[in-house]
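Read the structure below first, then the notes.
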Amino acid sequence: MKYMLWLYKAKGISNEERILLHRVFSTAKDVYEAPEDKIQSLSFLTPAKKHILINHQKESPDKMYSELSDRGISFTCLFSSEYPEKLSLIKQRPYGLYYKGDLPSLCKAVAMVGARRCSAYGKKMANDLAEALAKNGIPVISGMARGIDGISQRAALNAGGTTCAVLGCGVDVVYPYEHKELYRDIIANGCVISEFEPGEEPKKSYFPARNRLISGLSDVTVVVEAREKSGSLITADFALSQGRDVYAVPGRITDPLSTGCNKLLSEGAGIIRSPEGFIADILDLPVGNAFVPESDVCETYHLENEEKLVYSVLDFYAEDIEYIVEKTGLSVLEVLRALLSLHDKGLCEECFQNQYIRKT
C-alpha cells in the first residue's frame with residue numbers, strides 16, 4: 001500500500017497514467033524500483049512526465065505512509081481488495097482514495113443530493129427518505145454540503161444508519177465548517193472519502209469530480225430539490241452515464257427549486273411518491289413490506305383541537321391566512337392564535353407576511 005500511495009502522490013501524472021503504470025509494471029513497487037531506461041521507454045508518458053516520475057523515485061514511500069497514518073488518515077488503491085467495488089466499475093474511477101472511518105460495504109447504497117438553499121418541503125422529503133433508508137439498512141451517500149446533503153446524512157445517522165460523505169477537499173478539511181459535528185459523527189458511523197490530497201482546501205473545480213464519486217459509490221441517485229442548472233443534475237448525469245438509476249422528488253411547476261427535478265422526471269427518472277414506495281421499489285419488495293418510520297406530531301406535541309386543525313391544513317409550501325380560515329372554518333383570531341402556538345412549538349413558520357409553512 002505504501003508504494004501505491006507513493007505512485008498516487010506523483011504530481012503531474014494523470015489518473016489514467018497511474019493505472020497504466022501499475023498495469024505495465026504489475027505493482028506500484030515495481031514502478032518505484034524501475035530503472036531509468038525502463039521509464040524512458042514508456043510511450044504513453046511525455047518526456048516531462050518521465051522526468052517527474054524519475055525524480056519522484058527519490059521520495060520515501062515509508063515516510064509518506066507513516067506521515068499519513070500519524071494523521072489518522074487511511075489510503076486505498078484501485079488494485080487493493082479494500083477499494084469500493086462499485087467505484088471500481090465506473091469509467092473515471094480514481095487510482096487512489098483517502099478516507100477516515102470504514103469504507104462502504106457491498107450492500108445497496110443510495111446517493112441523496114439537492115439544493116443547498118432548500119425549502120421546508122425539500123428538508124422534510126430529505127429527512128423522511130434518509131430516515132426510511134436507514135431503517136431499511138441502506139447507507140446514504142452524499143457530499144456533506146449545506147442543505148439537502150447535510151440534512152440527509154444527519155437524518156440517516158439519527159435513525160441509526162450509516163452514511164458516507166464524499167468531499168471536494170482533503171478528508172481532514174471540514175467543509176462547510178458548521179458541519180464539524182456532522183463530520184465527526186459520519187466518521188464514527190461510516191466514512192469520509194476524498195481523492196484529493198489531505199489538507200487540500202475546497203475549490204469550485206473539485207466539486208464536479210466529487211459528484212462522479214457520489215453517484216459511483218451508489219446504486220441509485222435521488223435528487224430532492226434542484227434548480228435547472230445545479231451540481232445535483234451533474235451528479236444525476238454521472239449516475240446515468242455509469243448505468244445507475246436516478247429518481248427525483250416532484251415539486252410544483254412554479255417553484256424554481258423543482259425545475260431540475262421535474263426536468264429529470266420528464267426525461268424518464270423514477271418518481272418518488274412516498275418513502276415507502278421508493279424503498280419497496282429499489283429493494284424489489286411489495287409495497288407495504290418496507291419499514292418506514294411514522295411520526296404522530298399531534299400526539300408528540302400535545303396539540304389542542306384548533307392547533308390540530310390548522311396544522312393539518314399547513315403544507316411545506318406557503319399558505320396564507322385566508323386559505324387556512326377557509327379550510328378550517330375557524331375565525332381569523334382562532335387561526336392566528338393556533339399559528340402562534342404552533343410557531344412556539346417549532347411546527348410552523350411565517351415565511352412571508354401572513355403566509356405560513358409547516359416545519360415538520
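A short reminder: the numbers here are calculations on the coordinates, not readings from a lab. Just so it is clear, the structure is predicted and the values come from calculations on it, not from any experiment. In this analysis, Cβ positions are derived from the backbone assuming ideal geometry, glycine residues included, and neighbour counts consider all displayed protein chains.
The charge dipole of segment 110-282, taken about its Cα centre with unit charges on the Cβ atoms of Lys, Arg (+1), Asp and Glu (-1) only, comes to about 440 debye. Neighbour counting of Cβ atoms within 10 Å sorts the residues Y311, Y317, fewest neighbours leading, into Y317, Y311. Kirkwood radius for segment 1-70, taken over all pairs of different Cα atoms as the inverse mean of 1/r, rounds to 12.1 Å.
Once you put a point 7 Å from the Cα of N55 and another 7 Å from the Cα of E334, both along the Cβ direction, what distance in nm separates them? My value for the distance between the label points is 8.1 nm. Residues of segment 41-78 with an amide N closer than 15 Å to a point placed 7 Å from the Cα of D30 along the Cα-to-Cβ direction: 42.
Applying 1/(1 + (r/R0)^6) with R0 = 51 Å to the Cβ-Cβ distance of K11 and C298 gives a FRET efficiency near 0.30.
Work out the FRET efficiency for F352 and I271 from their Cβ-Cβ distance, taking R0 = 22 Å, and round it to the nearest 0.05. Approximately 0.15, to the nearest 0.05.
Note on F196, F207: ascending count of other Cβ atoms within 10 Å places them as F207, F196, the fewest first. In segment 110-282, Cα pairs under 8 Å separated by at least six residues give a relative contact order of 22 percent. Comparing V335, V222, V110 in a Gaussian network model of the chain (Cα springs below 10 Å), the most mobile by mean-square fluctuation is V335. Please work out, to two decimal places, the log10 of the ratio I(q)/I(0) at q = 0.12, 0.19 Å⁻¹ from a Debye calculation in which every Cα of segment 110-282 carries one identical scatterer. Those come out to -0.46, -1.22, one per q.
Once you've got the Cα coordinates, tell me which of K38/K91; K11/K229; K9/K204; K86/K359; K180/K359 are over 26 Å apart. Those over the limit are K38/K91; K11/K229; K86/K359.
Charged neighbours of G143, selected by a Cβ distance under 12 Å, balance to +3 (K, R count +1; D, E count -1). The charge dipole of the chain, taken about its Cα centre with unit charges on the Cβ of Lys, Arg, Asp and Glu (plus for the first two, minus for the last two), comes to roughly 1480 debye.
For segment 297-358, the equivalent ellipsoid derived from the Cα gyration tensor has semi-axes of 16, 13, 10 Å, listed largest first.
Once the Cβ-Cβ distance of K308 and L106 is raised to the sixth power relative to R0 = 45 Å, the FRET efficiency obtained is 0.50. Close amide H pairs (under 5 Å, H built 1.01 Å from N) link V222 with A111, M112, V113, Y247, residues at least 5 positions away or on another chain. Amide H contacts of V173 (H built 1.01 Å from N, in plane; Pro and chain starts excluded): G199 sit under 5 Å, all sequence-distant by 5 or more or on other chains. For S119, the amide hydrogen comes within under 5 Å of no other amide hydrogen, counting only partners 5 or more places away or on other chains and with H modelled in the peptide plane.
Taking only the Cα atoms of segment 1-125, the ratio Rg/Rh comes out at 1.10, with Rh defined as the Kirkwood radius. Where does the chain land on the Kirkwood hydrodynamic radius, alpha-carbon pairs, in angstrom? Hydrodynamic radius (Kirkwood, Cα pairs) of the chain is 22.5 Å.
Within a 10 angstrom radius of the beta carbon, how do V171, V24, V220 rank from fewest other beta carbons to most? Before the final figure, lay out each step's value.
Numbers: V171 30, V24 13, V220 22.
Ranked by crowding around the Cβ, least crowded first: V24, V220, V171.
The Cβ shell under 12 Å around S341 holds other residues with a net charge of -2, Lys and Arg each +1, Asp and Glu each -1.
The gain in end-to-end length when the R116 to R252 segment is fully stretched comes to 47.1 nm, 0.36 nm per residue minus the alpha carbon separation.
Estimated from helices alone, the mean residue ellipticity of the chain at 222 nm is -12500 deg cm²/dmol (sum of -39500 (n - 2.57) over DSSP H runs with n ≥ 4, per residue).
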